[in-house]
1. Residue check: is A:VAL7 within 10 Å of DNA strand D (Cβ to nearest atom), among the β-branched types (Val, Ile, Thr) and either in a loop (DSSP other than H, G, I, E, B) or surrounded by fewer than 17 Cβ atoms within 10 Å (Cβ to Cβ) (or both)?
2. Quick one: what pairs do we get from the stretch A:13-31, first residue more than 15 Å from A:TYR45 (Cβ to Cβ), second polar (S, T, N, Q), C-beta under 7 Å, 6+ apart or different chains?
3. B:ASN48: buried (at least 19 other Cβ atoms within 10 Å of the Cβ) and within 11 Å of DNA strand C (Cβ to nearest atom), yes or no?
4. Just to be sure I understand, how many residues within the stretch B:95-105 are at the interface with chain A (Cβ under 10 Å from one of its Cβ atoms), open to solvent by less than 10 Å² (accessible area, probe 1.4 Å) and part of a helix (DSSP H, G or I)?
5. In this structure, does A:LYS41 turn out to be open to solvent by 10 Å² or more (accessible area, probe 1.4 Å), more than 16 Å from DNA strand C (Cβ to nearest atom) and over 38 Å from the mean Cα position of the chain (by Cα)?
6. Considering only residues that are over 18 Å from B:TYR169 (Cβ atoms), small (Gly, Ala, Ser) and crowded, with 19+ Cβ neighbours inside 10 Å, look in the stretch B:248-263 and name the one that is farthest from the other protein chains (Cβ to nearest Cβ).
7. Sort out which residues of the stretch B:281-320 are open to solvent by 80 Å² or more (accessible area, probe 1.4 Å) and without any contact (Cβ under 8 Å) to a residue 40 or more places away in the chain, and write them in order of number.
8. Are any of the residues in the stretch B:71-85 without any contact (Cβ under 8 Å) to a residue 60 or more places away in the chain, surrounded by fewer than 21 Cβ atoms within 10 Å (Cβ to Cβ) and not aromatic (Phe, Trp, Tyr)?
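The values are calculated or read from the model by the stated rules, or taken from the named source; none is laboratory data. Being a predicted model, the structure only gives us computed values, none of them experimental. No Cβ is skipped: glycine too gets one built from the backbone with ideal geometry, and neighbour counts run over all protein chains shown. Only protein heavy atoms, including side chains, enter the accessible area calculation; ligands, DNA and RNA are left aside. Shrake-Rupley method; radii C 1.70, N 1.55, O 1.52, S 1.80 Å.
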Protein chains: 2
Amino acid sequence: MVRIADVAKLANVSTATVSRVISNSGTVKKETAEKVMEAVKKLNYQPNVLARQLRRSETKTILVVVPDITNTFFSEVLRGIESVAIQIGYQVLLGDARNNAESEASYLTILGQKKADGLILLTARSNQKMLEEISQDYPVVLACEYYEGSRLPTVSIDNVSSARKATEYLISLNHKRIGHISGPLNVVVGRDRCKGFHQAMAQHGLSVDPSLVQEGEFSFESGFNLMMKFLALEDFPTAIFAGNDEMAMGAVKAIKSKGFKVPEDFSVIGFDDIKFASIFEPALTTVAQPTFDMGQKAMQLLLKIINGEELEKSQFILPDKLIVRDSCKELTING
Amino acid sequence: MVRIADVAKLANVSTATVSRVISNSGTVKKETAEKVMEAVKKLNYQPNVLARQLRRSETKTILVVVPDITNTFFSEVLRGIESVAIQIGYQVLLGDARNNAESEASYLTILGQKKADGLILLTARSNQKMLEEISQDYPVVLACEYYEGSRLPTVSIDNVSSARKATEYLISLNHKRIGHISGPLNVVVGRDRCKGFHQAMAQHGLSVDPSLVQEGEFSFESGFNLMMKFLALEDFPTAIFAGNDEMAMGAVKAIKSKGFKVPEDFSVIGFDDIKFASIFEPALTTVAQPTFDMGQKAMQLLLKIINGEELEKSQFILPDKLIVRDSCKELTING
DNA sequence: TTTTTCGGTGTAATCGATTACAATATTGTA
DNA sequence: TACAATATTGTAATCGATTACACCGAAAAA
């Protein structure tokens, strides 16, 4: 292992000078610097980051905890985070919570151990109070998910209004009997999308049949099963707003399994616009979240906090976008 | 910040003793240990991992470089890696190469900086020689992808025989005029799958029409475009072996766009068995790779190398599995 | 000429743990 | 009781960088 002392000896200067050169911080005479650089090159010296980190007590590493790394929605956000991180010399430590609040919390010890300078959470299912305490001591940013009424720095879309928008789209297509296949209501985004659904219905004077609102998990299977429930009712809904794209696909699959067609017999709208939404048949009409941007924004925000900069505000709402494809259709009188 | 010295003072012992207690390494009297543990608890002491790392010169961190984090195939492997890592007290530093050999290589400096104890590469597109040199100095394991004729420790399936198996399945369905939509041939797995295809054809005395082998990228769009090329030929193939599932889906889409049906008019087989393969319509017949297992195995292997254990062998071939679904059909005389 | 000023460099303390080695306490043995 | 063996604990060096502070010499100011 080549140490800074080796370089110093070869260049015939002190370690302090070498350090100044490689961090180009201080005032070093040009010729001296060249001598040092030469020695660095000759010895193929790379500073030991651990030592630097210890001394400066910073790791240039951040921790990102995702609920499910195999969900492309989150991996796209992650990519946004990482792209910014790399640019500014940070590395990303990955925590995959596997949809488990406990394991989510277990990653947080990494901060206390000083293995990371900050934390971005793409999931907010563990104890809110604990997290708020942690954010007193360490830089924390939430992305995608969030806590209600919390002051924690957050980057996300406005799930309530997006859900309203999705529902209103169905309403604009003349649908009146609309069902909602909701994500888990103990997760904010599930709750907020459900809320948006109800708001839109109320605003347009439409009543919501309680049997047409079903809570499930953000998975294909769950979407399938809940749609099957709807299809067991006397009086079908004509359109379905699903909590996310996977659920929407499950719902479509269920509809098809009964011999019906989408969008002819049922309109289905999803949420997230995952990679596969456009490949699916029918191509899914859905609300797109700016995944990559959210990741980038979250990282930029975290960096500001790490650097102790003042935040102009702490909640960032990014724009969503309704993507109209082929899974919804206007309800005609015969419909 | 609570330091070990604070704990030592409160417990009225030396820092050495505290250190011994928290790493339960040495011989410490029971009562002393209890005293120390009490002080630890009272002060809520957490060792500064950086200091430990510097002294022990180990980071308990590994670096995983993936070609594309938004590809569920790789994120499943990653999950396998991470699950083992967490269990044994390691953390995973993520490098997303974004399908770019240069950026892949840029992550390797992290090793030299001592920010990670080892490296798992899920992509092998950068300079082989360089990597082999690196593996002299640092623990390295390749997973999924590999270099031909290299002694680098590797975990993967046998892509040649898997591709042969896939092709033979088509042959067993009476197909004779079979096309191959290949992944990039500058990537080993692309090459090996192509090789397996040719082997199977030759072994069954079938000739390969050169115009029925097209090289593309491992993407949906690429699969679509290349299938369109086939569909522009005078003499169609009756079956297609695609380099991976995304390409297979693209091919199916192209076929449908021309008004043909899968599997009635064309049989299509994919590769990887990604999450979406079963949701796609028709559900994709494909070759499943043991993603999670490969990740686990790779991590276990890396750990052995880190610990300086002797490896019984360096190339691990895991079993693949042909998953028969609905995208292939026996060729009848009417074709 | 003398005194400041400051660019450029070196010395040594420091970050916070681990651990080699030394020292002391305790127990066992003769 | 005396001495050896062992258990337990402490002292201080160490990991490899960064950086506060001191210092020197040359240029600028008085």
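1. no
2. Going by the 7 Å Cβ cut-off, the qualifying pairs are A:VAL28/A:THR17.
3. yes
4. The qualifying residues number 0.
5. For A:LYS41, the condition - open to solvent by 10 Å² or more (accessible area, probe 1.4 Å), more than 16 Å from DNA strand C (Cβ to nearest atom) and over 38 Å from the mean Cα position of the chain (by Cα) - is met.
6. B:ALA254
7. Within the stretch B:281-320, B:ASN307, B:GLU309, B:GLU310, B:GLU312, B:LYS313 meet the criteria.
8. Scanning the stretch B:71-85, I find no residue that is without any contact (Cβ under 8 Å) to a residue 60 or more places away in the chain, surrounded by fewer than 21 Cβ atoms within 10 Å (Cβ to Cβ) and not aromatic (Phe, Trp, Tyr), so the answer is no.
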